[in-house]
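The values are calculated or read from the model by the stated rules, or taken from the named source; none is laboratory data. Every value quoted in this text rests on a predicted model; they were computed, and no experiment measured them. Cβ sites come from the backbone with ideal geometry, for glycine too, and all protein chains shown count toward neighbours. Just the protein is used for accessible areas: all its heavy atoms, side chains included, with ligands, DNA and RNA removed. Shrake-Rupley method; radii C 1.70, N 1.55, O 1.52, S 1.80 Å.
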Number of protein chains: 2
Amino acid sequence: MTITLRPEPLTSESFAPYGDVIEAAAGREAAMNAGRFERFDDLCVVDPGDDGRVAVGIVRCRLATELPYPLNLVERHPLGSQAFIPLTPCRMLVVVAPPGDTVAAADLRAFASNGHQGVNYRPGTWHMPLIAFDPGQEFLVIDRAGEEANCDEHRLEERVVLVAD
Amino acid sequence: MTITLRPEPLTSESFAPYGDVIEAAAGREAAMNAGRFERFDDLCVVDPGDDGRVAVGIVRCRLATELPYPLNLVERHPLGSQAFIPLTPCRMLVVVAPPGDTVAAADLRAFASNGHQGVNYRPGTWHMPLIAFDPGQEFLVIDRAGEEANCDEHRLEERVVLVAD
């Protein structure tokens with residue numbers, strides 16, 4: 001049996017069990033710098049854990065992913081949150097499952113961004129490793145740095161295929 | 001007397017007294033996700049202070065700045081670092097002075113980014129409030145959230161003008 005994952009639209013509400021959607025949402029802006037800018041504050045919960053620190057990196061796509069995409073494993077970072085924000089607008093597809101000791105394929109959900117959104121996985125949220133569709137596409141990463149191991153992988157037993165939205 | 005500030009190129013070395021340059025610099029990459037991506041780790045020191053937390057926001061330009069630009073004041077955030085990363089590639093002009101109780105106009109330095117760089121001001125670094133040259137241009141902001149006041153302004157006595165690089 002093959003489980004087909006078709007992305008639903010990424011919204012703060014639908015993604016709430018897994019983390020935050022990072023976006024400049026209308027209605028939440030405030031003025032700053034004498035009206036030169038509008039600001040959208042506090043878009044995600046950055047959680048490096050008790051003994052971690054917040055790290056900022058950039059990741060750049062080398063190999064584009066094509067759809068349909070067979071999903072073999074998911075991963076989680078139990079000790080800290082992890083955010084990805086596109087550094088040029090791009091559609092993101094993410095697959096997530098709630099925090100927990102195991103992952104049931106039936107619990108997987110896929111989301112498609114609108115091109116101007118990033119995501120922040122809360123600690124422990126299972127997620128598909130990052131994919132992108134254009135070589136050179138860059139993402140800013142905000143996550144946890146620390147000495148302890150902070151990445152668990154779960155290999156999916158079922159056959160799961162991510163398709164276009 | 002007018003002090004003319006002409007930007008110099010933004011590099012990690014030249015900007016080191018003030019903070020970090022956030023960029024995917026050649027030679028520092030490592031592979032991840034089975035070679036699908038290259039990653040550039042730990043690009044800045046995120047410092048929310050002892051009792052602050054790290055906040056992520058987006059700011060969007062409403063009023064474009066034109067050059068030459070008369071610079072009337074600089075500001076600093078004594079309790080935490082503050083990073084700005086363009087969410088679409090764009091040239092950034094920044095003006096900074098070293099941390100300290102006062103700011104001498106002679107200590108101001110201007111830097112121009114290459115379009116693919118962000119900056120992270122370390123706590124206390126004096127800097128020009130953010131400017132941008134295109135309405136709609138967005139920047140991600142990573143800084144400190146907390147209850148304490150964390151923005152000092154210093155009005156420049158001298159006449160200072162920022163010009164193109």
Dividing the convex hull volume of the alpha carbon atoms of the range A:1-101 by its residue count, what do you get in Å³ per residue? 173 Å³
At 1.4 Å probe size, with every protein chain present, just tell me what the per residue accessible area of the protein assembly as shown comes to in Å². 45 Å²
Looking at the square roots a ≥ b ≥ c of the eigenvalues of the Cα gyration tensor of the range A:44-165, which shape do they give, rounded for a/c under 1.5, prolate if a/b is larger than b/c, or oblate? oblate
If you take the accessible area of A alone plus B alone and subtract the pair, what total do you get in square angstrom, rounded to 100, with a 1.4 Å probe? 3700 Å²
Cα centroid distance between the range B:61-130 and the range B:10-58, in Å? 17 Å
Place the label 7 angstrom along Cα→C-beta at B:G146 and in each other copy, then list the distances from the first to the rest in nm, shortest first. 2.0
Expressed as a whole-number percentage, the relative contact order of the range A:1-80 with C-alpha contacts under 8 angstrom and at least six residues apart is 20 percent
Quantify how strongly other chains surround peptide B:45-55 by giving the mean number of their Cβ atoms within 10 Å of each of its Cβ atoms. 4
Which percent of the accessible area of the range A:45-165 is formed by carbon and sulfur heavy atoms (probe 1.4 angstrom)? 46 percent
When only C-alpha pairs under 8 Å and at least 6 residues apart count, what is the relative contact order of chain B, in percent? 40 percent
Give me the percent of DSSP beta bridges within chain B that run antiparallel, rounded to the nearest 5. 85 percent
A:A26 to A:L67: FRET efficiency via 1/(1 + (r/R0)^6), r the Cβ-Cβ distance, R0 35 Å, to the nearest 0.05? 0.70
Ignore the peptide's own chain and count Cβ atoms of other chains within 10 Å of each Cβ in A:60-66; give me the average, rounded. 4
Test item: B:120-130 mean partner chain Cβ contacts at 10 Å: 1
Set the Förster radius R0 to 51 Å, insert the Cβ-Cβ distance between A:D165 and B:A105 as r into 1/(1 + (r/R0)^6), and round the FRET efficiency to 0.05. 0.40
In µm²/s, what is D for the range A:20-67 at 10 °C and 1.306 mPa s, where D = kT/(6 pi eta Rh) by Stokes-Einstein and Rh is the Kirkwood radius from Cα pairs? 109 µm²/s
Apply the Debye scattering formula to the range B:76-144, with a single equal point scatterer on each alpha-carbon and no solvent, then give log10 I(q)/I(0) at q = 0.17, 0.23, 0.26 Å⁻¹. -0.62, -1.03, -1.20
